[in-house]
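Notes follow once the structure below has been shown.
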């Protein structure tokens, strides 16, 4: 007798309030496989992108350049094809830090170029072949390689590729769209760079700094560290969060909570390099974080404060410096454990379409997982498991929020707001006209925005506020699944056959030989150093009076106070250089 079905039926009539059977280890493995491989369906550029296999256009936007340099690649942030760095950078750091902390919970079930699935014609889990590289690492590498292109030096950073308004005209695959005109969302696309944004490059730096610590390849670690340093230098000389064109990801949504980006960057660079300069910088950024504002809203790309609280305490032992919640436990419980439904799911800021309800259980589970790892406790394990199981269909409505996940009779979404899912290349079709979905694409693995007020799924593709799937929605779920499997069924590097390459031995850098350069742009002067060099820049008038003093790593920007002639003095360990500047 299937008691699980009986209790689910009773729940529909109000006779039972909870589902009874727990998910098995294999159920969690299936979910982790699907939600991780989802990132392969988000690949822009040469790919490969597994969801485009079998279409007429298996690659997309391969010729994107900025100032003559290749900037193709990376992830589409949602079910559309623009690439907005604000949520994408947040998602990539969430995944990277989860990988670093719960490594043994991330498996090697397929080959990262998807040739295993293509050869077998089987895109289920059974069709994959391990290649001695954990699957999440391969997905992260694809994104990290794009971020290196996006931050080629300390003064350049690419925030957005494409235009949301142009992109949304047709419901076609990324490969097909890239063949259309710019006005139709195709190539060449707009490239938005060098905005006044500290949050996005900060998150990118944090992600790359983690990759520079965990990637088995020594060459990869070196290039990721260089990219992390470039992105951090850019973040340190800017502030805020930039707007994206067309009303997508407006900077105002962050409510002034942008300091988390450079803070997490400094924290992760310290963890990777052990350079005390970064710890000092991290402390300075931590003291500027908007703890009070961030304590009232759940973890999401526009509120990374809860993550900063957990990481700051876990790495340095620091606690929030403002607000009522002075400890990590109080901070998290206020957002999650103290606000649950009858089934034990975290419910703050959840509800019907438009609230993106899945963010709350997934984000809460991930934060408690990170807290538990750092604190060495398992106090919250049952709640972590319960909230992730809830999203996988272990709830009174048997409603799974992951496209294609039907374990234990769960009802999965079948109308995700995702252009690639339908494999359509006909510009004349609209999203609600009906499609013949390729069988392999039904295992998309994307997490929909969700609706916690209805017992059934909304089957209208155009209803993005319920059916949207995004890289930021999947990231906390993937991270929490990694924690669960690291506790339930961990797999070591030795068991997988992973080989960690030693770092190359390099001669010590001579700081005294570092080149210092100066550029002037009207009333602004930018001093740059070769490499990550702490510098102090002092501005004097011709009478010898110091007008200003600024400090920074790699790059310092100085605003001239008025027209006239000034002396700029640059100093640091082994550095002493002066420039005469004029503003006439």
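Every number here is computed from the coordinates shown, using simple stated rules; none is lab data. Values in this document were obtained by computation on a predicted structure and should not be read as measured data. Methodologically, a virtual Cβ is constructed for each residue, glycine included, from the backbone with ideal geometry; neighbour enumeration extends over all protein chains shown.
Here the calculated FRET efficiency for residue 296 and residue 239, from their Cβ-Cβ distance with R0 = 25 Å, stands at 0.65, rounded to the nearest 0.05. Between residue 378 and residue 542, the simple label model (points 7 Å from Cα in the Cβ direction) yields a spacing of 7.5 nm. Hey, what D do you get for region 103-168 in µm²/s if you plug the Kirkwood alpha-carbon radius into Stokes-Einstein at 4 °C and 1.567 mPa s? Estimated via Stokes-Einstein, D reaches 90 µm²/s. Maximal additional length on extending the residue 194-residue 326 stretch stands at 43.9 nm, based on 0.36 nm per residue less the C-alpha distance. Measuring from centroid to centroid over Cα atoms, what is the spacing of region 306-324 and region 369-394 in Å? Region 306-324 and region 369-394 have Cα centres separated by 19 Å. So if R0 is 25 Å, what FRET efficiency would residue 25 and residue 217 give, r being the distance between their Cβ atoms, rounded to the nearest 0.05? So the FRET efficiency works out to roughly 0.25. What fraction of the Cα pairs in region 230-269, stated in percent, has a spacing above 14 angstrom? So the pairs more than 14 Å apart make up 50 percent of the total in region 230-269.
The separation of region 187-216 from region 414-477, counted between C-alpha centres, amounts to 27 Å. The share of C-alpha pairs in region 159-216 whose separation exceeds 19 Å stands at 50 percent. Please determine, in degrees from 0 to 90 and to the nearest 10, the orientation of helix 260-273 with respect to the longest principal axis defined by the Cα atoms of the chain, where the helix direction is its Cα long axis. Tilt of helix 260-273: around 80 degrees.
The simple Förster model, with R0 at 51 Å and r as the Cβ-Cβ distance, assigns residue 181 and residue 579 a FRET efficiency of 0.60.
From the coordinates of this entry, Rg and Dmax of the Cα atoms in Å is computed, and it appears in (i) 27.0, 100; (ii) 24.4, 92; (iii) 24.0, 75 under the label (ii).
With each label modelled as a point 7 angstrom along the Cα→C-beta vector, the residue 69-residue 500 pair spans 3.1 nm. Spacing of the modelled spin labels on residue 169 and residue 284, each 7 Å from Cα toward Cβ, amounts to 4.7 nm.
Between residue 274 and residue 493, residue separation times 0.36 nm minus the direct Cα-Cα distance comes to 76.4 nm. The distance linking region 78-123 with region 37-69 is 14 Å (Cα centroid to Cα centroid, whole angstrom).
Rounded to the nearest 10 degrees, the angle from helix 471-488 to the longest Cα principal axis of the chain is 70 degrees.
Axis angle, to the nearest 10 degrees, between helix 85-101 and the longest C-alpha principal axis of the chain: 80 degrees.
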